[in-house]
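Beneath this line is the structure, given in structure tokens, with notes to follow.
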Amino acid sequence: MLLPPTPSQTIGPYYGTALPFPRGGDAAPAGHPAAVALHGHVRDGEGAPVPDALLEFWQAAPDGSLTGAPGSLRRDGETFTGWARVPTDRDGHYVLRTLLPGGAPYLALCVHARGLNRHLFTRVYVTDPPPGDALLAALPADRRATLLARPEAGRRDTYRFDVKLQGEGETVFLDWSAGD
């Protein structure tokens, strides 16, 4: 008899433990004077932390270039990579150290988490979006707010961005279907 796969067989709770690599959340070179921290929590539909999520960030360099750095998995401590892979801790918290992007005012974010049949894509706006940003203009104000990182009061160069996977206050996720 063939049994249907269980959620742990199709997705597994292994993203946050099998795919991270040393200094994966350090897209900015160590000690860079313009480095900022982006942090927050990943929560499920009930508001519970997701302790084994994996977040991948892609972004433009401060000069607006999109070249990234070859060998981004091997952090040399000197090169801005434009890419990071950050696991959440047992409280669902993550921290990314990066540089503010030039050109596009956002970081692209891909969320991998248990129970998801497909990963989710969204944006994290860390600087003021330009007037008429097509994505933000298409959203009601309350939904738009789920894409905006907030500067933290009293914490220099620190931004907060929480991800809510479903339910009230759910983060806006983008439909990224290749070939559709």
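The values are calculated or read from the model by the stated rules, or taken from the named source; none is laboratory data. All values derive from a computational prediction rather than experimental measurement. Every residue, glycine among them, receives a Cβ derived from its backbone with ideal geometry; neighbour counts consider all protein chains shown. Just so you know, the surface numbers come from the protein's heavy atoms only, side chains and all, with ligands and any DNA or RNA stripped out. Shrake-Rupley method; radii C 1.70, N 1.55, O 1.52, S 1.80 Å.
Consider residue 111 against the criteria (1) β-branched (Val, Ile, Thr); (2) in a strand (DSSP E or B); (3) closer than 23 Å to residue 33 by Cα: it satisfies all of them except one. Which criterion is unmet?
(3)
The rows are residues; the columns are (1) exposed (fewer than 12 other Cβ atoms within 10 Å of the Cβ); (2) among the hydrophobic types (A, V, I, L, M, F, W, C); (3) at pLDDT below 80.
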| residue | (1), (2), (3) |
| --- | --- |
| 1 | yes, yes, yes |
| 19 | no, yes, yes |
| 23 | no, no, no |
| 35 | no, yes, no |
| 72 | no, no, yes |
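If you go through the stretch 140-176, how many residues are over 20 Å from residue 115 (Cβ atoms), open to solvent by less than 40 Å² (accessible area, probe 1.4 Å) and in a loop (DSSP other than H, G, I, E, B)?
Qualifying residue count for the region: 2.
Kindly provide the set of residues from the stretch 120-139 that are touching a residue at least 12 places away in the same chain (Cβ under 8 Å), under 18 Å from residue 175 (Cα atoms) and outside any helix (DSSP H, G or I), ordered by number. Steps first, please.
So the first thing to find is which residues in the stretch 120-139 are touching a residue at least 12 places away in the same chain (Cβ under 8 Å), and the list is 120-130, 133, 135, 139.
Filter again for under 18 Å from residue 175 (Cα atoms), leaving 120-125, 133, 135, 139.
Across the stretch 120-139, the qualifying residues are 120, 121, 122, 123, 124, 125, 133, 139.
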